[in-house]
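Read the structure below first, then the notes.
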Amino acid sequence: MMMTTSFSNGLFSALRLVLMASIFLGPVAGLAVYKADPRPASKGAGFVLLMSLQRGALG
């Protein structure tokens with residue numbers, strides 16, 4: 001069964017709209033989750049991981 005051209009164009013436009021919305025709204029949602037997290041222990045977790053990875057890469 002072949003897709004019609006208008007349906008194919010509509011599907012492509014919808015996928016493009018979802019992709020653009022997720023690109024722009026993803027960081028906003030991530031920031032909201034980060035700000036809503038009450039645990040103070042998670043603040044330095046990224047820094048500790050970065051330092052441990054760098055130390056492992058050096059030798």
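The values are calculated or read from the model by the stated rules, or taken from the named source; none is laboratory data. Note that the structure is a prediction, hence the values are computed from the model and not measured. Cβ coordinates were reconstructed from backbone atoms using ideal geometry, including for glycine residues, and neighbour counts include every protein chain displayed. Surface accessibility is based on the protein's heavy atoms, side chains included, excluding ligands, DNA and RNA. Shrake-Rupley method; radii C 1.70, N 1.55, O 1.52, S 1.80 Å.
Residue check: is Ser13 open to solvent by less than 80 Å² (accessible area, probe 1.4 Å), modelled with pLDDT of 85 or more and either of a type outside the set (Phe, Trp, Tyr) or touching a strand residue (DSSP E or B) at 6+ places or on another chain (Cβ under 6 Å) (or both)? In short, yes.
In the range 33-47, which residues are at pLDDT 70 or above and surrounded by 10 or more Cβ atoms within 10 Å (Cβ to Cβ)? Break it down into steps so the answer makes sense when it comes.
Restricting attention to the range 33-47, the residues satisfying the condition of being at pLDDT 70 or above are 33-36, 46-47.
Listed by number, the list holds a single entry, Tyr34.
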